[in-house]
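Each reported figure results from applying straightforward, stated rules to the coordinates on display, with no laboratory input. Bear in mind that the values here come from a model prediction, so they are computed numbers and not experimental data.
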Amino acid sequence: METAAVAGRSASRTFPKIPLRAWATPLTIGAFLLMAATGVLMFFGVRTGLVSEVHEWFSWLFLAGAVAHLVVNYRPLILHLKSRWGRVGIAAAAVLLVAAVLPTGIQSGHQLHHAVEQAVVDAPLSTLASLAHVAPQDLENRLKARGIAANPQQSARDLAERNGVDEREVLAIAFRNE
């Protein structure tokens with residue numbers, strides 16, 4: 001039993017226990033639906049707002065819910081894994097996982113996005129201005145209006161470090177249609 005001090009005196013208060021079963025399955029279902037929806041959106045190239053971030057961060061909730069769901073349903077899981085289809089399913093997933101992490105020599109998806117983003121962040125502002133289809137002086141003026149003094153030789157990374165801002169903020173200023 002938990003006790004809590006209230007205005008100098010001790011009061012007994014019992015906090016209700018929430019059974020694992022009460023939240024494990026609903027969390028797993030809700031997180032799965034969110035992951036499925038954002039995954040489908042991303043597959044079709046819709047990455048507006050926080051679609052990618054929600055998909056990535058809520059995968060942790062899905063994982064937590066799935067682990068809790070497996071703990072609650074341990075016996076049925078073991079029985080299922082003893083069946084032929086259970087073993088085939090696990091083996092297929094393991095093969096796909098190994099295939100997914102093996103290097104292919106081809107950069108695509110996140111790898112390519114990350115490489116391009118790093119090249120843009122490290123490029124001089126004159127190049128960044130060209131990529132954003134804006135005159136270098138206009139980009140410098142945009143940055144100056146936001147309190148970021150810049151010159152054409154500096155990179156977005158350098159500006160971010162010197163001004164205590166995130167690199168994405170500098171990129172957003174450059175690519176914003178104003």
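Overview of results
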quantity: Relative contact order computed over the chain (Cα-Cα under 8 Å; 6+ residues apart), in percent; calculated: 13 percent
quantity: Rg(Cα)/(2.2 N^0.38 Å) for segment 73-178, N = residue count; calculated: 1.83
quantity: Largest-first ellipsoid semi-axes for segment 20-73, taking √(5λ) over the Cα gyration tensor eigenvalues, angstrom; calculated: 25, 9, 7
quantity: Mean separation of Cα contacts under 8 Å (6+ apart) over length of segment 30-127, as relative contact order %; calculated: 19 percent
quantity: Debye intensity ratio in log₁₀ form over the Cα atoms of the chain, taken at each q of 0.18 Å⁻¹; calculated: -1.20
quantity: 3J(HN,Hα) from dihedral phi, segment 36-44, Karplus parametrisation 6.51/-1.76/1.60, rounded to Hz, x for glycine, proline; calculated: 5, 5, 5, x, 5, 4, 5, 4, 8
